[in-house]
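Heads up: the structure comes next, in structure tokens.
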Amino acid sequence: MEDFGITQEDIKLIQDSFGKVCDTNCWELLYKKLFELDKEIPALFKGDMKDQQHRIMTMMKIVVEGLNHPEIIIPAIQKMGQRHIEYGVQEKYYSTFKSALMFALGQTLGTDFTPNVKKSWEKFYDLLASTMNEQ
Ligand code: HEM
């Protein structure tokens, strides 16, 4: 992950802050914001939103814990990206999703969402989104 500009310090900030948001309503806030930001998006979600909140939290946990072993998580992230094409997700939605995620993290972490923590999450999200969209 160093190749993509994610440093050990970023990994530490992401892992520590993820521990604080993992079992909170951060994921509920994320989708609430996402649905407000783009009115086309809610219709893409066919399943129960509580289940979806749990799925994304679990997936983020796996990826965050795997940041030191990119060779293991990258193929799983690419496959997840391919499934998103089947869900009708267009590339342009990824930047809206980023705004919603940053909002939810900010609300949940409060003063712990320092500029450095925010910068590390932005880098991490960009890496995640670009890996999901790699063909
Ligand atoms: C880093 C970005 C993202 C992550 C980590 C993520 C994670 C997930 C996970 C874990 C699932 C469960 C199913 C599966 O694994 O295939 C899922 C489903 C889904 N995601 Fe994402 N996602 C991301 C971005 C997006 C974006 C940008 C959109 C569109 C706005 C989106 C829309 C959906 C939809 C429509 C489903 C299917 C829901 C259903 O069951 O109906 N996701 N996502």
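Residues of the range 67-109 that are without any contact (Cβ under 8 Å) to a residue 40 or more places away in the chain and under 19 Å from Phe45 (Cα atoms): Lys79, Gln82, Arg83, Ile85, Glu86, Gln90, Lys92, Tyr94, Ser95, Lys98. Going by what's in this entry, would Tyr31 be described as within 13 Å of the ligand (Cβ to nearest atom), under 18 Å from Leu128 (Cβ atoms) and surrounded by fewer than 16 Cβ atoms within 10 Å (Cβ to Cβ)? Criteria not met by Tyr31. The single residue among Gln78, Gln90, Gln82 that is in a loop (DSSP other than H, G, I, E, B) and more than 21 Å from Ser17 (Cα to Cα) turns out to be Gln90. Among the residues of the range 88-101, those identified as surrounded by 15 or more Cβ atoms within 10 Å (Cβ to Cβ) and within 7 Å of the ligand (Cβ to nearest atom) are Val89, Tyr93, Tyr94, Thr96, Phe97.
Only one of the listed residues (Thr58, Thr24) is within 23 Å of Leu109 (Cα to Cα) and assigned to a helix (DSSP H, G or I). That residue is Thr58. Scanning the range 102-135 for residues that are assigned to a loop (DSSP other than H, G, I, E, B) and within 16 Å of the ligand (Cβ to nearest atom) returns Asn133, Glu134. Looking at the range 1-16, is at least one residue of a type outside the set (Val, Ile, Thr), in contact with a Leu (Cβ under 6 Å, 6 or more places away or on another chain) and in a helix (DSSP H, G or I)? Taking every residue of the range 1-16 in turn, at least one turns out to be of a type outside the set (Val, Ile, Thr), in contact with a Leu (Cβ under 6 Å, 6 or more places away or on another chain) and in a helix (DSSP H, G or I).
In this structure, is Gly47 at pLDDT 95 or above, at positive phi and more than 14 Å from the chain's Cα centre (by Cα)? Judged against the criteria, Gly47 is not a match. Of the residues Ile85, Ile77, Ile14, the single one that is under 16 Å from Leu127 (Cα atoms) and either out of contact with any Ser or Thr (no Cβ under 9 Å at 6 or more places or on another chain) or more than 9 Å from the ligand (Cβ to nearest atom) (or both) is Ile14. Total residues in the range 45-55 satisfying the condition of being assigned to a helix (DSSP H, G or I), touching a helix residue (DSSP H, G or I) at 6+ places or on another chain (Cβ under 8 Å) and not polar (S, T, N, Q): the figure is 2.
In the range 53-66, the condition of being more than 12 Å from the ligand (Cβ to nearest atom), closer than 21 Å to Asp16 by Cα and without any contact (Cβ under 8 Å) to a residue 60 or more places away in the chain is met by at least one residue.
Of Lys119, Lys98, Lys123, Lys92, all but one fail to be touching a Gly at 6+ places or on another chain (Cβ under 8 Å) and of a type in the set (Lys, Arg); the exception is Lys123.
The values are calculated or read from the model by the stated rules, or taken from the named source; none is laboratory data. Predicted model only: the values in this text are computed from it and were never measured. Please note: Cβ atoms are built from the backbone with ideal geometry, for glycine as well, and neighbour counts cover all protein chains shown.
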